[in-house]
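Structure record follows, encoded as structure tokens.
The values are calculated or read from the model by the stated rules, or taken from the named source; none is laboratory data. Since we're looking at a predicted model, the values are computed, not measured. Positions of Cβ are backbone-derived with ideal geometry, glycine not excepted, and every protein chain shown enters the neighbour counts.
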Amino acid sequence: MTPDLQSYVTHREAVLDRVRTLLVERLHVEREPDTIDPDTPLFGTGLGLDSVDAVELVVSLEDTFGLQLPDDALGRRVMRTVGKLVDMVLSYEAAVAAGTLPEGFEASAEGAGSGEPEAVGGGGTEGLTAGESEGVRAGTTNVAAAGEPEGVEVGNAEQ
Amino acid sequence: MGAAHRTAAEVRGSGRPSSQDSRRGPVAITGLGAVSAVGSGIDALWRALREGIDGIRPITRFSTEGFAVHTAGMVALDTLEPDKKTADHALDFALTAAREAVLSARLEAATVAPTRIAIVFGTSLATHPEGIHRLAEIVGDQLGAHGPRVTVSTACSSSANAIGFGRDLLLDGVADVVIAGGSDALTEEIFAGFHNLGLLTPAKCAPFSDPPGTTLGEGAGFLVLERGDDAARRGAAPVAWVSGYGLSCDAYHATSPDPTGSGMGRAARGALADAGLDAADIDYVNAHGTGTEANDPAEWRGILLALGERASTLPVSSTKSLLGHGQGAAGVLELIATLLAMQHGAIPQTLNFTRPRPRCPEDPVAQRTPRPHAVAHALCNSSAFGGANAIVTIDAPDRPAPSRTVQRRAVWLLGAGLVLPGIDTVAGLALCGAPERLAGRLPAGPVPRSLAGVDLRGFDPLSRLLTFATAEALRDAGLSLRGPLRDRAGLFAALSRISPTSAHELDSSVKERGLLRLSAPAFTRVVLNASTGACARAVQLRGPTTTLTTGNGGGLVALVLAANALAFRGDADVMCVASADEIDRDEPADRLCEAGACVVLGADGAEPHVRFARAAGTARQGDAGGAAGEARAANAGGAFVRVAGWGLAGPGQAPEAMARALAMAGNVGERPPLDDGGASGVEHGGAGLVDEGGAVRAPAAHPLLRTAVALHRLRAGERTSVLLAHDSGSCAAAVILECEPRETR
């Protein structure tokens with residue numbers, strides 16, 4: 001294994017551990033962190049997260065990794081599994097290091113530059129039309145659109 | 001049907017005195033009061049409705065900077081009487097609306113004893129330093145209403161549920177006048193919570209239309225309710241009638257409605273059956289209609305399930321387009337809007353309608369002003385976080401639904417479950433006042449880590465205590481809820497506060513991350529009924545549900561209401577009654593005790609698939625169609641315990657509650673004196689559960705812990721009957737348990 005690969009693997013493991021810890025501590029997943037397989041689906045029959053948790057997941061990822069995510073960042077691609085979240089974090093970090101942002105993060109470019117965490121919740125939503133704003137927080141629209149199996153509720157509550 | 005399968009009612013036979021029957025029918029609404037985004041007073045509400053001018057405005061009371069939404073239906077505080085204002089908006093709204101209701105009913109001129117005036121107060125997220133039950137107590141004190149004060153907190157269906165219970169208190173003779181309704185104020189935390197859940201639209205709430213999303217609101221509404229003959233006697237003309245109500249639990253998700261609409265459908269069918277009305281009698285549905293993507297289609301499906309073909313031509317509109325979503329006050333405010341329109345020969349409109357959304361009502365009454373249309377009977381829908389649905393039927397003044405006599409069904413105490421973490425079983429039993437010899441009969445111990453087949457992720461400690469106690473009580477009762485029995489099994493919870501763990505989680509997320517990033521999952525758990533909803537979901541109790549508080553120790557009040565529901569209503573055969581205490585991390589664990597307690601009541605089914613016939617001292621859940629599952633011996637080796645009588649009364653009136661319970665039990669008086677193990681015969685409190693200073697160690701669960709111990713003593717043959725009484729400070733309650741006579745066993 002080359003030193004570069006070795007360091008990538010080590011870093012990836014570290015990010016995975018932090019994602020697992022976040023899932024246990026912030027999302028209350030009832031497992032030991034190291035028993036959460038990267039291939040575990042986040043929603044439905046996997047970890048059982050739902051759309052309300054998706055909101056918290058976005059905020060937690062931003063807090064933990066210093067990310068600035070656009071509201072639609074966690075699309076179906078990223079929200080599938082634990083490993084996909086790790087991929088997303090790594091590609092975001094790599095892009096930031098290279099001075100660019102990967103595909104899918106463009107919307108947050110301004111927010112990322114501002115250094116204001118609130119810019120994500122606020123700034124990221126400004127460009128949305130009224131019709132899109134239902135998904136204003138967090139990937140709820142995307143989760144529903146991904147057609148996840150049972151257990152994934154649409155983000156709207158009824159109260 | 002063999003003897004073993006005879007129902008308890010058949011066994012006990014026709015010898016029940018006629019006092020066991022109950023007259024069920026409409027109760028008169030004789031007074032109205034409202035405070036809302038369109039102004040203070042009923043006239044302001046009617047003017048806004050008539051002219052189609054909504055109360056949704058930019059929020060000025062707090063900053064919405066950074067949020068994507070800036071509007072709500074806020075009460076203009078300067079419309080409240082200045083001398084009546086306190087710092088507590090929800091209380092101010094309530095006092096203003098309740099006073100208006102009492103004035104419009106001309107109650108001062110009536111000669112009703114203060115102890116015969118009850119308050120049923122619905123509120124969702126109101127707060128008070130001493131607990132939200134204080135709002136009802138303060139309103140009661142100020143208005144001179146000293147009957148029972150019951151606070152219902154089922155989030156956004158609170159006030160609709162409160163109106164239903166208010167009717168029950170009248171029909172059951174607990175009160176002669178009931179002031180029922182609710183109040184809630186919008187805070188920036190509530191606004192941020194809904195915003196972060198993605199539920200708000202930046203435009204105005206446009207139910208059944210685009211764009212989806214709701215607009216929050218606030219306010220208060222109260223009704224004065226009386227029995228029709230009382231109102232007639234004092235010359236008070238009914239504004240309308242409350243003829244029935246239905247409750248149900250989705251048991252589906254913390255915040256999303258069951259998309260099949262089955263919960264809404266059950267509540268609507270329950271309400272129709274209670275009112276003695278058919279789908280064809282309904283002229284209009286005032287929908288919950290929040291405007292969110294999830295609510296509107298689910299609610300429409302529920303209406304279709306309950307009303308069938310009638311729904312396709314039925315006007316269904318939502319008053320949230322006028323007032324915003326008034327949270328706990330929404331149900332009563334929208335009901336008032338409905339009957340104001342009815343008084344004027346019209347039905348309320350849905351404002352802000354742009355273009356129809358799929359799977360929504362065919363006729364949303366999308367127009368600027370009310371539609372001229374005579375309404376004799378209307379349904380008023382509410383649903384809520386925790387899956388709590390409440391639907392009320394109202395009738396035009398000249399078209400009250402028919403009254404009828406309902407024979408009281410026998411109610412059995414089938415099982416009990418305790419959870420006492422942090423102390424070992426024997427010590428836990430001692431705390432409950434149970435002798436050690438009962439160990440082995442009484443389940444008590446630490447909270448299990450898991451429940452078979454249930455994902456407990458997101459269950460806070462309070463939800464776990466409630467859930468495990470309930471699961472244990474069902475196990476103790478020998479009931480496995482399957483198939484249709486789930487729809488006829490309900491959960492009434494009495495709690496004193498939300499989970500301290502969830503409260504801290506929300507608070508710290510706000511402190512550390514700001515309102516814009518507050519924890520959405522924690523926000524969903526800070527309504528009082530969140531743990532009730534979680535428990536119902538885990539155990540699959542989909543029948544009638546409520547969450548009430550009387551401060552501490554509302555368990556007996558909940559038990560009385562549940563027994564009443566079984567005895568006189570047709571929509572449940574099993575009712576779980578549960579309470580729990582979670583200790584705050586800052587509270588002294590040596591003086592407080594974490595506890596969960598649940599008792600299971602059952603009534604011989606109106607439907608053939610549920611029977612609790614006695615057979616050799618066992619509960620038998622017999623079954624004609626195989627739907628209800630296999631019966632198991634529940635009270636094996638013990639007596640079969642009946643809830644023989646129950647009563648409620650105002651604070652400080654435990655003797656009245658006991659007298660009512662004794663009168664209801666009837667034949668208890670013919671028996672030997674109550675067997676209480678040599679004491680007074682009244683189970684006030686167990687020594688172990690009350691510390692030297694007189695403080696109760698598990699304050700919320702206390703009455704149900706006592707009930708559980710009483711059940712086991714009765715089963716063990718130590719007693720033949722027990723009178724349990726508790727005065728919570730808001731409401732006194734009494735329950736009589738008695739063993740079936742040995743000779744008939």
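Once the stretch B:201-222 is narrowed to residues that are within 29 Å of the chain's Cα centre (by Cα), in a loop (DSSP other than H, G, I, E, B) and more than 13 Å from B:GLY324 (Cα to Cα), the residue that is nearest to the other protein chains (Cβ to nearest Cβ) is B:PRO212.
Only residues that are farther than 11 Å from B:ASN286 by Cβ and either at pLDDT below 95 or small (Gly, Ala, Ser) (or both): list them for the stretch B:311-353, please. Correct list: B:ALA311, B:SER312, B:THR313, B:SER321, B:GLY324, B:GLY326, B:GLY328, B:ALA329, B:GLY345, B:ALA346.
Here's the yes/no breakdown for (1) touching a helix residue (DSSP H, G or I) at 6+ places or on another chain (Cβ under 7 Å); (2) away from chain A (no Cβ under 14 Å):
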| residue | (1), (2) |
| --- | --- |
| B:GLY33 | yes, yes |
| B:SER40 | yes, yes |
| B:ALA44 | no, yes |
| B:ARG47 | no, yes |
| B:GLU51 | no, yes |
| B:ASP54 | yes, yes |
| B:THR60 | no, yes |
| B:HIS70 | no, no |
| B:GLY73 | yes, yes |
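Would you mind finding the one in A:VAL29, A:VAL59, A:VAL55 that is within 14 Å of chain B (Cβ to nearest Cβ) and out of contact with any Leu (no Cβ under 7 Å at 6 or more places or on another chain)? Of A:VAL29, A:VAL59, A:VAL55, the one residue that is within 14 Å of chain B (Cβ to nearest Cβ) and out of contact with any Leu (no Cβ under 7 Å at 6 or more places or on another chain) is A:VAL59. Within the stretch B:507-536, which residues are within 25 Å of the chain's Cα centre (by Cα) and free of Cβ contacts under 8 Å to residues at least 24 places away in the same chain? Within the stretch B:507-536, B:ALA522 is the sole residue that qualifies.
Scanning the stretch A:30-48 for residues that are crowded, with 16+ Cβ neighbours inside 10 Å and either in contact with a strand residue (DSSP E or B) (Cβ under 8 Å, 6 or more places away or on another chain) or over 21 Å from A:PHE65 (Cβ atoms) (or both) turns up A:THR40, A:PRO41, A:LEU42, A:PHE43, A:GLY46, A:LEU47, A:GLY48.
Residue by residue, here is whether (1) part of a helix (DSSP H, G or I); (2) free of Cβ contacts under 8 Å to residues at least 60 places away in the same chain; (3) under 28 Å from B:SER383 (Cα atoms) holds:
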site: B:VAL75; (1), (2), (3): no, no, yes
site: B:THR86; (1), (2), (3): no, yes, no
site: B:ALA118; (1), (2), (3): no, no, yes
site: B:SER124; (1), (2), (3): no, no, yes
site: B:THR127; (1), (2), (3): no, yes, yes
site: B:ALA136; (1), (2), (3): yes, no, yes
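Condition check for B:ARG301 on (1) within 14 Å of chain A (Cβ to nearest Cβ); (2) within 30 Å of B:GLN407 (Cβ to Cβ); (3) surrounded by fewer than 24 Cβ atoms within 10 Å (Cβ to Cβ): one failure, at (2). Taken together, the residues in the stretch B:329-364 that are in a helix (DSSP H, G or I) and surrounded by 20 or more Cβ atoms within 10 Å (Cβ to Cβ) amount to 14.
Looking across the stretch B:147-200, the residues that are in a loop (DSSP other than H, G, I, E, B) and within 13 Å of chain A (Cβ to nearest Cβ) come down to B:SER153, B:THR154, B:LEU186, B:LEU197, B:GLY198, B:LEU199.
Counting only helices (runs of 4 or more DSSP H) that sit wholly inside the stretch B:452-571, those with at least 3 residues that are touching a helix residue (DSSP H, G or I) at 6+ places or on another chain (Cβ under 7 Å) and under 30 Å from B:ARG149 (Cα atoms) are B:461-477, B:500-513, B:520-524, B:530-539, B:555-568.
Of the residues B:ALA627, B:ALA567, B:ALA633, the single one that is surrounded by fewer than 24 Cβ atoms within 10 Å (Cβ to Cβ), at pLDDT 65 or above and more than 30 Å from B:GLU130 (Cβ to Cβ) is B:ALA567. Scanning the stretch A:49-69 for residues that are crowded, with 22+ Cβ neighbours inside 10 Å and part of a loop (DSSP other than H, G, I, E, B) returns A:ASP50, A:GLN68, A:LEU69.
When the stretch B:365-385 is filtered for residues that are touching a Gly at 6+ places or on another chain (Cβ under 8 Å), away from chain A (no Cβ under 14 Å) and in a strand (DSSP E or B), the ones remaining, listed by number, are B:PRO372, B:CYS380. The listed residues are B:ALA94, B:ALA98, B:ALA90, and the only one of them that is touching an Asp or Glu at 6+ places or on another chain (Cβ under 6 Å) and not acidic (Asp, Glu) turns out to be B:ALA90. Among the residues of the stretch B:448-470, which ones are closer than 17 Å to A:HIS28 by Cα and at pLDDT below 90? Within the stretch B:448-470, B:PRO448, B:ARG449, B:SER450, B:LEU451, B:VAL454, B:ASP455, B:LEU456, B:ARG457, B:GLY458 meet the criteria. Consider the stretch B:237-295. How many of its residues are surrounded by 23 or more Cβ atoms within 10 Å (Cβ to Cβ) and more than 14 Å from chain A (Cβ to nearest Cβ)? Of the residues in that region, 21 qualify.
Just one of the listed residues (B:ARG525, B:ARG542, B:ARG497) is within 14 Å of chain A (Cβ to nearest Cβ) and among the charged types (D, E, K, R), and it is B:ARG525.
Within the stretch B:715-734, residues that are under 30 Å from B:GLY144 (Cα atoms) sit with their Cβ atoms under 9 Å from residues that are modelled with pLDDT of 85 or more and of a type in the set (Phe, Trp, Tyr), at 6+ positions apart or across chains, in these pairs: B:ALA733/B:TRP646; B:ALA734/B:TRP646. The one condition from (1) under 26 Å from B:LEU561 (Cβ atoms); (2) modelled with pLDDT under 50; (3) in contact with a Lys or Arg (Cβ under 9 Å, 6 or more places away or on another chain); (4) not basic (Lys, Arg) that B:GLY645 does not meet is (2). Candidates in the stretch B:73-119 are the residues that are closer than 30 Å to B:PRO655 by Cβ and among the polar types (S, T, N, Q); of these, the one that is surrounded by the most Cβ atoms within 10 Å (Cβ to Cβ) is B:THR115. Scanning the stretch B:310-320 for residues that are more than 14 Å from chain A (Cβ to nearest Cβ) and either free of Cβ contacts under 8 Å to residues at least 12 places away in the same chain or crowded, with 21+ Cβ neighbours inside 10 Å (or both) yields a count of 5. Can you run down the residue pairs with Cβ atoms below 9 Å, 6 or more apart or on separate chains, where the first is in the stretch B:702-713 and assigned by TED's automatic domain parsing to the domain that holds B:ALA473 and the partner is modelled with pLDDT under 85 and assigned to a helix (DSSP H, G or I)? Short answer, once both residue conditions are applied: B:HIS702/B:LEU689; B:LEU705/B:LEU431; B:LEU705/B:LEU689; B:ARG706/B:LEU689; B:VAL709/B:LEU429; B:VAL709/B:LEU438; B:HIS712/B:LEU438; B:ARG713/B:LEU438. Please enumerate the residues belonging to the stretch B:101-116 that are in contact with a strand residue (DSSP E or B) (Cβ under 7 Å, 6 or more places away or on another chain) and either without any contact (Cβ under 8 Å) to a residue 60 or more places away in the chain or closer than 15 Å to B:SER159 by Cβ (or both). Listed by number, the list holds a single entry, B:ALA101. Tell me whether the stretch B:367-384 contains one or more residues that are surrounded by fewer than 24 Cβ atoms within 10 Å (Cβ to Cβ) and at pLDDT below 95. No, that holds for no residue.
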